[in-house]
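Presented below is the structure to which this report refers.
Values quoted throughout were computed directly from the atomic coordinates according to the rules given, and no laboratory measurement underlies them. A quick note: this is a predicted structure, and the numbers were derived from the prediction, not measured. FYI the Cβ positions are ideal-geometry reconstructions off the backbone, even for glycines, and counts take in every protein chain you see.
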Amino acid sequence: MTMKRSAIGLAVAFTLAGCSGWPTATPGPSAVADLEPTKGNAAKGTVTFTQRGSKVLVVAKVSGLAPGSHGFHIHEKGDCSSGDGMSAGGHFNPLAKMHAHYSKADRHAGDLPMLVADSRGYAELTAEMDVVGIGSGPADIVGRGLIVHKDPDDWTTQPTGNSGARVACAVIRRAN
């Protein structure tokens, strides 16, 4: 009987372990941004956005950065034509909030966590964001710009976070 209990216990453990990796919400619409370097820079990468209920999962993989932290923001215009990223305009701010840390309720919709590059200049980021959405509403990110900055975001300087020059730019486009 103990062998039967052990087998049942193992089956329950494997079943529970398998369930723990299930997503909390069914994936909805998605978007993608292919970051290209601005003039004189080498930063490039891909960022995906997936709607999961009321939040958006952001997954970024960026190379060609200087080691350290870099401001990372959604900008108001999906335009990277200027060569320096300035044609993307300011931070995406449809709710007229102040620039602030991405964890604060009152902030720009475009305020994202910083990218942190390793000694090889490579950064990965996975974050779940509220405020923004994909495909509808005033905080829809499709057609907006995505910018990687040269310097870290100080989270207080208005309206930019003092993040410095724009080293990479992309237009966020609908993926499905």
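Quick one: 39, 77, fewest Cβ neighbours within 10 Å first, how do they rank? Can you show the working numbers first?
Working: 39 10, 77 16.
So the residues, fewest neighbours to most, are 39, 77.
For a quick check: sort 72, 92 by the number of other beta carbons within 10 angstrom, fewest at the front.
Values: 72 30, 92 26.
In order of increasing Cβ crowding within 10 Å: 92, 72.
Can you tell me the orientation of helix 2-19 relative to the chain, as the angle in degrees between its alpha-carbon axis and the longest Cα principal axis, to the nearest 10?
Tilt relative to the chain: about 20 degrees.
Between region 154-174 and region 45-119, what is the C-alpha centre distance in whole Å?
Each part reduced to its Cα centre gives a spacing of 6 Å.
For residue 55, go through the lysines and keep the ones whose alpha-carbon is under 16 Å away, minus same-chain ones fewer than eight residues off.
The reachable lysines, counting only those whose Cα sits under 16 Å from residue 55, are 104.
Evaluate the relative contact order of the chain (contact order divided by residue number), counting alpha-carbon pairs under 8 angstrom at least 6 apart; express in whole percent.
Worked out over the chain, it gives 27 percent.
Net charge near residue 140: determine it from the other residues with C-beta under 13 Å of the C-beta of residue 140, scoring Lys and Arg +1 and Asp and Glu -1.
Details: positive: 144, 173, 174; negative: 76.
The answer is +2.
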